[in-house]
Amino acid sequence: MKDVTRNDYYERMLKVMIYIEKNLERDISLEELADVACFSPYHFHRIFQGMLGESVAEYVRRLRIEKAAVTIRQRKDAAVSRLAFEACYNAVETFSRAFKNHFGKNPSQFKREYLAGISQNSAEDELKKLFKRGAKMSELKIVKREEEKIAFVRHIGPYKDCGAAWDKICSWAGAKGLINQNTKFMGICHDDPEVTEASKIRYDASVSISGDIEGEGEIMISAIPAGNYASYIHTGSFNKLYESYNYLCGELIPASGLEIRNVPSIEIYLNDPDTTPEDERKVEILIAVE
């Protein structure tokens with residue numbers, strides 16, 4: 001296959017993946033997705049499965065189940081019936097069976113084991129421990145963001161392997177003169193690495209842009225939604241980011257009474273990881289809230 005053809009297929013399939021992500025709450029026909037990809041319905045499914053290693057149905061089902069698992073981790077009071085509805089299952093039993101097939105345990109067991117991993121104490125004891133530990137609400141900032149246009153390259157796989165995506169987006173933006181002192185370098189994190197298999201994690205290496213700019217090849221154009229975001233500054237190794245996420249999502253946001261919106265988390269890299277000592281790296285984590 002010639003490079004131009006391979007790149008064209010990749011671009012079209014990436015559009016389909018993003019379209020599915022934005023429409024997970026409803027049934028999407030193969031014909032609709034084939035139209036997004038500009039493939040004939042007859043060939044679309046085989047192309048999708050051949051390129052992604054999953055059928056369309058398997059891909060959609062996995063994203064819905066993993067989204068439910070993330071919701072369990074973020075909202076301890078999430079009802080299984082509500083999770084089933086949000087995952088487009090008509091029956092709780094069917095949803096629970098699909099969840100167990102994927103994770104090896106049903107939603108209730110998943111929740112119990114996750115909560116047990118957070119604390120062996122009662123909920124009351126956990127709250128007492130939280131405030132005794134000194135969780136400071138001053139560490140949490142709520143920022144109101146306008147919609148922000150971005151250009152990005154999608155990386156699929158472990159977070160540690162996203163360097164190639166960053167090389168591509170930075171080379172493209174640099175060649176076009178789009179990088180200046182106001183440019184934000186951001187990671188859009190679609191998946192929780194403790195939920196999604198490492199080889200299937202979706203991460204968008206992104207730079208902020210303005211003006212009428214079109215994507216090309218692997219470069220896609222999108223926008224970070226406007227709204228309120230909980231902001232927390234992580235300092236230190238990227239390998240410890242999960243600790244800051246746990247602190248923000250498991251302590252600061254719940255203690256604030258805010259509810260997490262169903263929007264991918266955003267990481268804004270505040271200094272250059274290539275030139276900054278590991279323990280001095282700074283990342284602003286943004287979680288959409290309401």
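The values are calculated or read from the model by the stated rules, or taken from the named source; none is laboratory data. Bear in mind that the values here come from a model prediction, so they are computed numbers and not experimental data. Neighbour counts are summed over all protein chains in view; Cβ atoms, including those assigned to glycine, are modelled from backbone coordinates with ideal geometry. Just so you know, the surface numbers come from the protein's heavy atoms only, side chains and all, with ligands and any DNA or RNA stripped out. Shrake-Rupley method; radii C 1.70, N 1.55, O 1.52, S 1.80 Å.
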Residue pairs qualifying under the 7 Å Cβ cut-off, at least six apart or on distinct chains, with the first in the stretch 215-237 being of a type in the set (D, E, K, R) and the second being assigned to a strand (DSSP E or B) and at pLDDT 95 or above, are GLU218/VAL153
Counting only residues that are in a helix (DSSP H, G or I) and within 25 Å of ASN262 (Cβ to Cβ), the stretch 3-23 contains a total of 10
Scanning the stretch 208-226 for residues that are in a strand (DSSP E or B) and at pLDDT 95 or above gives SER208, ILE219, MET220, ILE221, SER222, ALA223, ILE224
Flagged pairs (Cβ under 7 angstrom, 6 or more apart or on separate chains; first in the stretch 74-86, farther than 21 Å from SER265 by Cα and open to solvent by 50 Å² or more (accessible area, probe 1.4 Å); second assigned to a helix (DSSP H, G or I) and not acidic (Asp, Glu)) are SER81/VAL92
Given the conditions (1) basic (Lys, Arg); (2) at pLDDT 90 or above; (3) under 27 Å from TYR19 (Cβ atoms), every one holds for ARG73 apart from (2)
Could we say that SER55 is under 30 Å from ASN7 (Cβ atoms), of a type in the set (S, T, N, Q) and open to solvent by 40 Å² or more (accessible area, probe 1.4 Å) here?
no
ILE219 being surrounded by 18 or more Cβ atoms within 10 Å (Cβ to Cβ) and within 22 Å of PRO264 (Cα to Cα)
yes
So, SER210, is that one polar (S, T, N, Q), within 27 Å of THR276 (Cβ to Cβ) and open to solvent by less than 40 Å² (accessible area, probe 1.4 Å) or not?
no
Flagged in the stretch 227-252 as open to solvent by less than 60 Å² (accessible area, probe 1.4 Å), modelled with pLDDT of 85 or more and in contact with a strand residue (DSSP E or B) (Cβ under 8 Å, 6 or more places away or on another chain), in numbering order, are GLY227, TYR229, ALA230, SER231, TYR232, HIS234, LEU241, SER244, TYR245, LEU248
Residues of the stretch 215-234 being of a type outside the set (Asp, Glu) and touching a helix residue (DSSP H, G or I) at 6+ places or on another chain (Cβ under 7 Å), in sequence order, are GLY217, ILE219, MET220, ALA230, TYR232, HIS234
